[in-house]
Amino acid sequence: MAGHGTAPVSVVMTTTTWWQALLWTLLVLAAVWAAFVLILVLLGRGALARAAARLIPDLLVLFRRLLGDRRVPRRPDCRSCWPAAAAAA
């Protein structure tokens, strides 16, 4: 093949660590979320766009407060997990 005027292709293998993959995933999700909010604004859905824009910050505050609350058990109770999993399916 090299005699037909094409250069050999070299493939560079890179390794991605788990935190790099997590970072890229979070960046892509943030971009999709921002695009969704922007589309809602452009469609004239201001109230829905505000609610969508507040969703992730509100969830972060909720989980931070739940993690800091001593009344919330650290270990999940499997009796409450299975009905939630069945309802999600």
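The values are calculated or read from the model by the stated rules, or taken from the named source; none is laboratory data. Remember, predicted model here, so these are calculated numbers, not experimental data. Quick reminder, even Gly has a Cβ in these numbers, built from the backbone with ideal geometry, and neighbours come from all protein chains shown.
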Consider Leu42 carefully, then state whether it is surrounded by 10 or more Cβ atoms within 10 Å (Cβ to Cβ) and modelled with pLDDT of 90 or more.
no
Options Thr25, Thr17: the member that is surrounded by 10 or more Cβ atoms within 10 Å (Cβ to Cβ), modelled with pLDDT of 75 or more and of a type in the set (Ser, Thr, Tyr)
Thr25
What are the residue pairs meeting all of these: first residue in region 53-67, first residue closer than 21 Å to Val32 by Cα, second residue of a type in the set (A, V, I, L, M, F, W, C), Cβ atoms under 8 Å, and 6 or more apart or on different chains?
Ala53/Val37; Ile56/Trp33
Name the pairs: first residue in region 68-89 and at pLDDT 75 or above, second residue surrounded by 10 or more Cβ atoms within 10 Å (Cβ to Cβ), Cβ to Cβ under 6 Å, at least 6 apart or on different chains?
Val72/Leu66
